[in-house]
Each structure stands twice: as structure tokens, then as C-alpha cells.
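The next block holds one structure in the form of C-alpha cells; read it before the comments.
The values are calculated or read from the model by the stated rules, or taken from the named source; none is laboratory data. Because the structure is predicted, anything quoted here is derived from the model rather than measured. Because the Cβ atoms are built from the backbone with ideal geometry, glycine has one as well, and the counts that use them run over all protein chains shown.
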Amino acid sequence: MSELRQNLATKDWVIIASERAKRPNYYAETDKKTLTEDRAEHDPKCPFCLGNEELDLEIERLPAGEAQWQTRVVRNKYPALQAEGWPERSSVGTQHYITGVGHHEVVVEHPQHNKTLALMSPNEVYQALATYQRRGRKIAEDPRMEQIIIFKNHGDRAGASLTHSHSQIIGLPVVPGNIRHRIEEAQRYFDDMGECVFCTMVNDELMRKERLVFTNEHFVVFVLYAALSPFHMWIVPRKHRSSFLDVPPAELASLGEALQYTLKRIYFGLNDPDYNLIIRSTPVKETGQTYLHWYISIVLRLSRMAGFELGSGVYINPAISEESAAFLRDLKI
Ligand SMILES: [Zn+2]
Ligand SMILES: [Zn+2]
């Protein structure tokens, strides 16, 4: 019999459709797919490859001034938001808007075209994370900004228009409703139970073990009990902290290890599937709360959203979370 499961923190419901359940390796991409590692190391047409840099868009490179850089940050060529101006709000009848003020930056994580976080060393992943953090902190200094979203689209189904490994950072002049909803749920849980819902979830996963994928000194990686899609995972810090921007270097190095391990398992176990990675942090002016806990969500793009999901906000997941986690843990790679 199928089961409706609820995520304790987000209150999202999912139908775990065990009648339709497939074995975890069913979700592996077919052999026809071009893996990231099978692409050329350098693409003469790629703007993120060494030697093709669009210098007018460049914000920083590390090491600074070196032709042979390790990471680069550029302004998005087609930004969703503009850096100039003050966010003006207007409400006329049913038309409510704010001028599109914000930041939209791209972090190029590696000079080579055929690399992705899964294929980098833990230290290279750490350097990418440190770059997200450095730029995120810089954007957070802008008094117009309320929320910073750091995310990665890997592959076309995840919305990536360029294949070269990169992530994006968007600074918004508002706290979006989706984030506000999660904050309110976390606050309500804290009011009722006197503890952080994310700390509670981490402790429960550590005790049960069946959905764990990886743990180290500072992080716990697990497939969600109420995974909205196959292999939907969270990487959660053991230490209660509300913003990724405040993570100290030792913890960031531990995150580099956890993230690289997890993405490598997905890459080799499922044949380099498309995915989105989102760092979920508190609004920039609301840090330090007892009820908010930052984390990373990884969503594989194995299926498309259908009318039922759009109409109800309830997902149907044909994969059993405990089996997905065991599959990733037991891979011989
Ligand atoms: Zn490239
Ligand atoms: Zn917590």
C-alpha cells in the first residue's frame, strides 16, 4: 500500500507510491548520455573556458590576476535583476511590483570544461564553496538585499544553459513567500516543541540510520523520509546555525568532503543525472535564530512535474527513500 509522508520541517506531503516502485538503479541515465568527463577538456566556444573570458563581466578570479585561474566570478550576461537603483514598491489595484533591483552572479568552479563538482577533489569543492560564501557575504552587505539564493543547475533538465561547471548567486530585494512559509513552519515547531525542527530531524536520521548516505564530523547527508522525488537529499550541518554565510573554514572543508562524496555517488551510481542543488539559508537580516537552520537540498531531475503536483503541491514519488539511501551507501566506487 502506498503511503502519504510529510516532511516535518516544510510540511510538504508526498505519496510514496510503493505499488509503482522501481529498483534504485532504474533511475540511472542510459548509456547514450554524454557524461561530463567525456566532453573535451576545453571548448573554444565556451565563455567559461580558459582563454575565452569575457573580461568586462568579471568580478573576481582566484588567484587574482593569474591567467591560469582556479575559480572565477562573473556578472550574469543576461541578469534577472539589475544592480543599480533602489527597490521601489508599487501597488496599483491588482498590480503589485518592486523594481528589479538585485544581484545576479555566476561562479565558474573550475577552469576545465569537463569537470563537475563530483569529479573535483574535495579541496576544489571547498574552494567553490568558499567562493559562494565570499560573494554571498559581499552581496549581503548591500542594504537593499533581503535574501540570497545560491544554487546550481546541472544539465538541461535542471535548466543549465551552459555545460561548463558553474553555480549562480542571486540577491533579492524581498524575502520570497516560499521561504517565509518555511520560516513560519520552523518557528511554529519551535514554539510547540522548544527545539529546532532541523536539529530534531538530523538526530532522528542519525539514530535510524536507514536513510543516511554519508556523515562526517560536521555534516549529515540523508535521503528525506518524505523525499519529493527519487534520491531527494539534504546535507545538514550538525551545528545549529541559521546561515551558510556564517560557516567557519573548518566546517566548510568538511562540507566540501560531504558534498563531493554525495555528488560522486550520484554521478557514478546513476550515470551523471541532471540535478539542482540549492543552499537554503535564512534571510540576510534575520540571522541567529534558534529555529532556523541552513542546509543544502539536492533534487535530481529524473521526472517532470505533472498536473497533479502543480494542482496540489503534493508529489508522487515512485522511489522508496530507504532503498535509495542504501543504494548510494552500498555503491562500490
Ligand atoms: Zn567551458
Ligand atoms: Zn537546528
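Looking for whichever is of a type in the set (Asp, Glu), more than 16 Å from ligand 2 (Cβ to nearest atom) and surrounded by 13 or more Cβ atoms within 10 Å (Cβ to Cβ) here; the options are GLU185, GLU124. Which one fits? Break it down into steps so the answer makes sense when it comes.
Working: GLU185 fails: more than 16 Å from ligand 2 (Cβ to nearest atom).
Step by step, each of GLU185, GLU124 is checked, and only GLU124 is of a type in the set (Asp, Glu), more than 16 Å from ligand 2 (Cβ to nearest atom) and surrounded by 13 or more Cβ atoms within 10 Å (Cβ to Cβ).
Given the options GLU141, GLU146, name the one that is in contact (Cβ under 8 Å) with a residue 12 or more places away in the chain and either more than 15 Å from ligand 1 (Cβ to nearest atom) or among the polar types (S, T, N, Q) (or both). Steps first, please.
On the way: GLU141 fails: in contact (Cβ under 8 Å) with a residue 12 or more places away in the chain.
On inspection, the qualifying residue turns out to be GLU146.
Checked against the criteria, SER91 does not count as surrounded by fewer than 21 Cβ atoms within 10 Å (Cβ to Cβ), without any contact (Cβ under 8 Å) to a residue 12 or more places away in the chain and within 26 Å of ASN271 (Cβ to Cβ). Looking across segment 67-124, the residues that are in contact with a His (Cβ under 8 Å, 6 or more places away or on another chain), closer than 26 Å to PRO47 by Cα and of a type in the set (Gly, Ala, Ser) come down to ALA80, ALA83.
When segment 38-60 is filtered for residues that are within 16 Å of ligand 1 (Cβ to nearest atom), charged (D, E, K, R) and surrounded by 14 or more Cβ atoms within 10 Å (Cβ to Cβ), the ones remaining, listed by number, are ARG39, ASP43, GLU53, GLU58. Checked against (1) part of a loop (DSSP other than H, G, I, E, B); (2) within 16 Å of ligand 2 (Cβ to nearest atom); (3) closer than 21 Å to ASP12 by Cα, HIS240 meets all criteria but (3).
Tell me, yes or no, whether segment 110-119 has at least one residue that is within 16 Å of ligand 1 (Cβ to nearest atom), outside any strand (DSSP E or B) and farther than 30 Å from ALA258 by Cβ. First the steps, then the outcome.
Keep residues of segment 110-119 that are within 16 Å of ligand 1 (Cβ to nearest atom), which gives 110-117, 119.
From what's left, outside any strand (DSSP E or B): 110-117, 119.
With the extra rule that they be farther than 30 Å from ALA258 by Cβ, the set shrinks to none.
Looking through segment 110-119, none of the residues is within 16 Å of ligand 1 (Cβ to nearest atom), outside any strand (DSSP E or B) and farther than 30 Å from ALA258 by Cβ.
Here's a check for you: in segment 257-316, which residue that is within 16 Å of ligand 2 (Cβ to nearest atom) and among the hydroxyl-bearing types (Ser, Thr, Tyr) is farthest from the chain's Cα centre (by Cα)?
Taking segment 257-316 first, the residues within 16 Å of ligand 2 (Cβ to nearest atom) are 279-282, 286-297.
Among the residues that remain, those that are also among the hydroxyl-bearing types (Ser, Thr, Tyr) are: 281-282, 287, 290-291, 295, 297.
Working: SER281: 11, THR282: 14, THR287: 19, THR290: 22, TYR291: 20, TYR295: 9, SER297: 5 Å.
Among those that are within 16 Å of ligand 2 (Cβ to nearest atom) and among the hydroxyl-bearing types (Ser, Thr, Tyr), it is THR290.
So which strands (runs of 3 or more DSSP E) are wholly in segment 274-332 and hold at least 1 residues that are at pLDDT 95 or above? Spell out how you get there, then give the answer.
Details: elements: 275-280, 295-300, 315-317.
Result: 275-280, 295-300.
Restricted to strands (runs of 3 or more DSSP E) entirely inside segment 13-83, those with at least 1 residues that are more than 16 Å from ligand 2 (Cβ to nearest atom) and free of Cβ contacts under 8 Å to residues at least 24 places away in the same chain are 58-62.
Condition check ((1) within 13 Å of ligand 2 (Cβ to nearest atom); (2) surrounded by 17 or more Cβ atoms within 10 Å (Cβ to Cβ)) across all residues:
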residue	(1), (2)
GLY171	no, yes
ASP192	no, no
VAL197	yes, yes
MET201	yes, yes
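Scanning segment 221-264 for residues that are under 30 Å from ARG23 (Cβ atoms) and either of a type in the set (Phe, Trp, Tyr) or in contact with a Pro (Cβ under 8 Å, 6 or more places away or on another chain) (or both) gives PHE222, TYR225, PRO230, PHE231, TRP234, GLU257, GLN260, TYR261. Taken together, ARG137, ARG157 contain a single residue that is of a type outside the set (A, V, I, L, M, F, W, C), touching an Asp or Glu at 6+ places or on another chain (Cβ under 6 Å) and away from ligand 2 (no atom under 16 Å from the Cβ), which is ARG157. Can you spot a residue in segment 58-78 that is under 23 Å from the mean Cα position of the chain (by Cα), of a type in the set (Asp, Glu) and closer than 24 Å to SER161 by Cα? Taking every residue of segment 58-78 in turn, at least one turns out to be under 23 Å from the mean Cα position of the chain (by Cα), of a type in the set (Asp, Glu) and closer than 24 Å to SER161 by Cα. The conditions of being assigned to a helix (DSSP H, G or I) and in contact (Cβ under 8 Å) with a residue 60 or more places away in the chain are met by TYR189.
Taking the options ARG23, ARG5, name whichever one is farther than 27 Å from LYS264 by Cα, of a type in the set (Lys, Arg) and either in contact with a Phe, Trp or Tyr (Cβ under 8 Å, 6 or more places away or on another chain) or surrounded by fewer than 14 Cβ atoms within 10 Å (Cβ to Cβ) (or both).
On the way: ARG23 fails: farther than 27 Å from LYS264 by Cα.
From the options ARG23, ARG5, the qualifying one is ARG5.
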